[in-house]
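Asks: There's a structure below that I have some questions on.
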Amino acid sequence: IWTVNNFEGNIESFPQIQEAAKILKDNEVVAFPTETVYGLGANALSDEAVAKIFEAKGRPSDNPLIVHIATKDQLTNIAVDIPDMVQTLVTHFWPGPLTLVLKKKDQSVGEKVTAGLETVAVRMPDHPIALALLKAADLPLAAPSANLSGKPSPTSAKHVIDDLEGRIAGIIDGGATGVGLESTVLDCTEKIPVILRPGGVTKEQLEEVIGEVRLDRALLVEGQAPKSPGMKYIHYAPIAPLVIVEGSPQFIQTLVDKKTEEGLRVGVLTTEENKHYYKADAVLDCGMRSDLQSVASKLYDVLRTFDMTNVDFIYSEWFPQVGVGQAIMNRLLKAAGNQVISE
Ligand code: TXA
Ligand code: MG
């Protein structure tokens, strides 16, 4: 574990980053912070290195990885047939939480990265440590979130250690991540681009710069096979069953009381505004409802904290699906296996 505090791009003063880069060049895997969540990086040009990511995470091999790059111009080393709107997207949102799915360039990244697909997902992260590491390694890095497959993504080095200690060559601890949810995955191989995974950049922000953007049907209709392979798995789930409630705090409290009478220990996932309404075994707030970004950045930590409270059952409040609320509800619904109760 290398701890890096107050890094502002001055790599000479941080030999830890050079050391981590060397390990990546040796085709080992290293976890590092990005502005969204912690990533588990490996040399994207080496199938041997990439295989270690799948092994460490216990990730199904049909789920492709995102390739991270240090500069915008590296995109053309990895993708071909790049439509004009991509230039606009890159100008507005890179570095940042937007992943672009494009046609893969032959002989670029290894087969394992893309799970055999003809497309490749690419992003330039907006985090000084991630960018310095990419530059020092001088490689494109394949990097999924640095959690065990099925667990909430890690937003602190502690989460990574809890999941992966002993399974990876190193971790750069750069403190808590900012956005807190993963990048938006946008399929740019269609005439009208399609959001395959809502994330840090919202649909509204995308439409402001490139016009119409669609949401993958699978995100709207239950039971549709998603085009982004990663979206079909149960994900982000705490150990106790989670149900999302579309209703008032008073209604949620009646549900809690029923479970409590049955002898169960009950948790409530709420917000600072509403937490005083509840009496339950664990009442955890996830930021401010009036500031959905604060909810995004705390969500995964709160889901992991429920695992330490010994509750048998969790009710969560509902969030409006606007702006980053779209990504919040996407992750919550997955964590809940789509279980919803309406008042
Ligand atoms: O914010 C993020 O994107 C983080 C940080 C570490 O950069 N990474 C991340 O990676 O969330 P991961 O592997 O957990 O999620 C990648 C998502 C999956 O849903 C995967 O199926 C999708 O991107 N994906 C990757 N390549 C794809 C492709 N060629 N076509 C469609 N979806 C793809
Ligand atoms: Mg992930």
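Asks: Based on the inverse mean of 1/r over its pairs of different Cα atoms, what is the Kirkwood hydrodynamic radius of segment 145-226, in Å?
Replies: Details: mean 1/r = 0.0668 Å⁻¹.
Computed over Cα pairs of segment 145-226, the Kirkwood hydrodynamic radius comes out at 15.0 Å.
Asks: If you rank ARG289, ARG217, ARG265, ARG331 by fewest surrounding Cβ atoms within 10 Å, what's the result?
Replies: Starting with the residue having the fewest Cβ neighbours, the order is ARG217, ARG265, ARG289, ARG331.
Asks: What area, in nm² and to one decimal, does the C-alpha convex hull of segment 1-124 cast on average over all directions?
Replies: 8.2
Asks: Can you run phi through the Karplus equation (6.51, -1.76, 1.60; θ = phi - 60°) for segment 38-45 and list ³J(HN,Hα) in whole Hz, with x for Gly and Pro?
Replies: 5, x, 10, x, 8, 4, 5, 8
Asks: Normalising by the residue count of segment 64-111, find the relative contact order in percent from Cα pairs under 8 Å and 6+ residues apart. Don't skip to the answer; put the middle values down first.
Replies: Values: 22 pairs, mean separation 24.0, N = 48.
Relative contact order for segment 64-111 comes out at 50 percent.
Asks: Excluding VAL80 itself, calculate the net charge of residues whose Cβ lies under 10 Å from the Cβ of VAL80, where each Lys or Arg counts +1 and each Asp or Glu counts -1.
Replies: Summing Lys and Arg as +1 and Asp and Glu as -1 gives +1.
Asks: Additional query: So what is the relative contact order for the chain, in percent, with contacts set as C-alpha pairs under 8 Å and at least six apart?
Replies: Reported as a whole number, the value is 19 percent.
Asks: Here is a further query. Binning at 10 angstrom from zero up to the longest distance, how are the C-alpha pair distances of the chain distributed in percent?
Replies: Distribution as computed: 6, 26, 33, 23, 10, 2, 0 percent.
Asks: Go ahead and estimate [θ] at 222 nm for the chain from helices alone: -39,500 (n - 2.57) per DSSP H run with n ≥ 4, summed, over the residue count, rounded to 500.
Replies: Result for the chain, helices only: -9000 deg cm²/dmol.
Asks: Where Lys and Arg each count +1 and Asp and Glu each count -1, what net charge lies around LYS112 among other residues with Cβ under 14 Å from its Cβ?
Replies: -1
Asks: Report the net charge of residues surrounding LEU98, where surrounding means a beta-carbon distance below 10 angstrom and charges are Lys +1, Arg +1, Asp -1, Glu -1.
Replies: 0
Asks: Another question about this same structure. Could you go through segment 168-176 in sequence order and give the Karplus-derived ³J(HN,Hα) for each residue, using 6.51 cos²θ - 1.76 cosθ + 1.60 with θ = phi - 60°, rounded to whole Hz, and x for Gly and Pro?
Replies: Result, ordered by residue: 9, 6, x, 9, 9, 8, x, x, 5 Hz.
Asks: Please work out the ratio of the alpha-carbon Rg of segment 156-311 to 2.2 N^0.38 Å and round it to two decimals.
Replies: Scaled against compact globular proteins, the figure is 1.23.
Asks: Another question, if that's okay. Over all alpha-carbon pairs of segment 111-192, lay out the pair-distance distribution in 10 Å bins, whole %, shortest bin first.
Replies: 14, 42, 36, 8, 1
Asks: Okay, moving on. May I ask you to derive the relative contact order of segment 131-177, considering only C-alpha pairs under 8 Å and at least 6 residues apart, and to give it as an integer percent?
Replies: 29
Asks: Hey, another quick one. Provide the percentage of antiparallel DSSP beta bridges, counting only those with both residues in the chain; round to the nearest 5.
Replies: 40
Asks: Kindly provide the GluC sites (Glu not before Pro) of segment 134-216 that DSSP labels as loop, not H, G, I, E or B, and whose Cβ sees at most 16 other Cβ atoms within 10 Å.
Replies: Filter output for segment 134-216: GLU165, GLU190, GLU212.
Asks: Turning to a different aspect of this structure: With a bin width of 5 angstrom, please list the P(r) values of segment 69-144 as percents of all Cα-Cα pairs, from the 0 bin to the one holding the largest distance.
Replies: Computed distribution, short to long bins: 3, 16, 28, 26, 19, 8, 0.
Asks: Please compute the Kirkwood hydrodynamic radius over segment 239-282, one decimal place, Å, based on all pairs of different Cα atoms.
Replies: 10.9
Asks: For segment 229-343, place one equal point scatterer on every Cα, skip the solvent, and apply the Debye formula. What is log10 of I(q)/I(0) at q = 0.16 Å⁻¹?
Replies: One equal scatterer on each Cα of segment 229-343 leads to -0.67.
Asks: Each residue of segment 329-340 in order: what ³J(HN,Hα) in whole Hz does its phi give by Karplus 6.51 cos²θ - 1.76 cosθ + 1.60, θ = phi - 60°, with x for Gly and Pro?
Replies: Result, rounded to whole Hz: 5, 4, 6, 5, 5, 5, 4, 8, x, 6, 7, 10.
Asks: Right, next: Checking the cross-link filter: which aspartates and glutamates have an alpha carbon closer than 20 Å to that of LYS258, excluding same-chain neighbours under 8 positions apart?
Replies: List returned: GLU246, ASP281, ASP312, GLU317, GLU343.
Any read-out appearing in this document is the output of simple, stated calculations on the displayed coordinates, not a laboratory observation. Keep in mind the model is a prediction, meaning the values are calculated, not measured. Here the Cβ is made from the backbone with ideal geometry for all residues, glycine too, and neighbour counts use every protein chain on show.
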